[in-house]
Amino acid sequence: MTGKQRAYLRSMCNEMPAILYVGKDGVTDALAQSVLEALMSRELIKCGIQRGAPVTAREACEDLCERLHAEPVQCIGNKFCLYRPKDENPVIILPD
C-alpha cells in the first residue's frame, strides 16, 4: 500500500466511529471473527481499546492484521483502523 492510498484511507477513518472494542480478554478468536465479519461487509473499520485491556492499540492492530491478512491504516492513542478489500466488487477504490 502506498502512502497516498494510506492517507486516503486515514481521511475516511477520521469521520468513522469505533465499532469494535478490545476488552479485558484481549484479542480473542471471537473478537477476530467479529472483526473479520465487519471487514468483509465494510472493508474499513475503526476499533478501540477499553481500559483494563491487556494489550495496547498497536499490539492489537498488529495481531489482528496478522490473523486476518488486513492492512493497518493508522493507530492513534487507543484507537486503530484496519482495511481489507473485498475479494469481489470492492466498495472502496484506492487512488493509484
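Quick notes
- Any hit, region 67-84, residues being in contact (Cβ under 8 Å) with a residue 24 or more places away in the chain, part of a strand (DSSP E or B), closer than 19 Å to Ala7 by Cα and among the β-branched types (Val, Ile, Thr): yes
- Flag if Glu59 is surrounded by 16 or more Cβ atoms within 10 Å (Cβ to Cβ) and at positive phi: no
- Among the residues making up region 12-48, those that are under 12 Å from the mean Cα position of the chain (by Cα) and either in a strand (DSSP E or B) or of a type in the set (Val, Ile, Thr) (or both) are Ile19, Leu20, Tyr21, Val22, Val35, Leu44, Ile45, Lys46, Cys47, Gly48.
- With respect to (1) under 13 Å from Thr28 (Cα atoms); (2) among the small types (Gly, Ala, Ser); (3) in contact with a helix residue (DSSP H, G or I) (Cβ under 8 Å, 6 or more places away or on another chain), the lone exception for Ala60 is condition (3).
- Subset of region 26-39 that is touching a residue at least 24 places away in the same chain (Cβ under 8 Å) and within 20 Å of Glu88 (Cα to Cα) - its residue that is surrounded by the fewest Cβ atoms within 10 Å (Cβ to Cβ): Leu36
- For region 40-58, the tally of residues that are out of contact with any strand residue (DSSP E or B) (no Cβ under 6 Å at 6 or more places or on another chain) and either within 14 Å of Arg84 (Cβ to Cβ) or in contact (Cβ under 8 Å) with a residue 24 or more places away in the chain (or both) stands at 7.
Residue-by-condition table, conditions (1) exposed (fewer than 13 other Cβ atoms within 10 Å of the Cβ); (2) modelled with pLDDT of 95 or more:
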site	(1), (2)
Gly3	yes, no
Gly23	no, no
Cys47	no, yes
Arg51	yes, no
Pro72	no, yes
Phe80	no, yes
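- Screening the candidates Met16, Met12 for the property of being out of contact with any helix residue (DSSP H, G or I) (no Cβ under 7 Å at 6 or more places or on another chain), of a type in the set (A, V, I, L, M) and exposed (fewer than 14 other Cβ atoms within 10 Å of the Cβ) yields one hit, Met16.
- Here the condition is being touching a helix residue (DSSP H, G or I) at 6+ places or on another chain (Cβ under 8 Å) and small (Gly, Ala, Ser); of Gly26, Gly52, it holds for Gly26 alone.
The values are calculated or read from the model by the stated rules, or taken from the named source; none is laboratory data. Since this is a predicted model, take the numbers as computed values, not measurements. Positions of Cβ are generated from backbone atoms using ideal geometry, with glycine treated the same way; all protein chains shown enter the neighbour counts.
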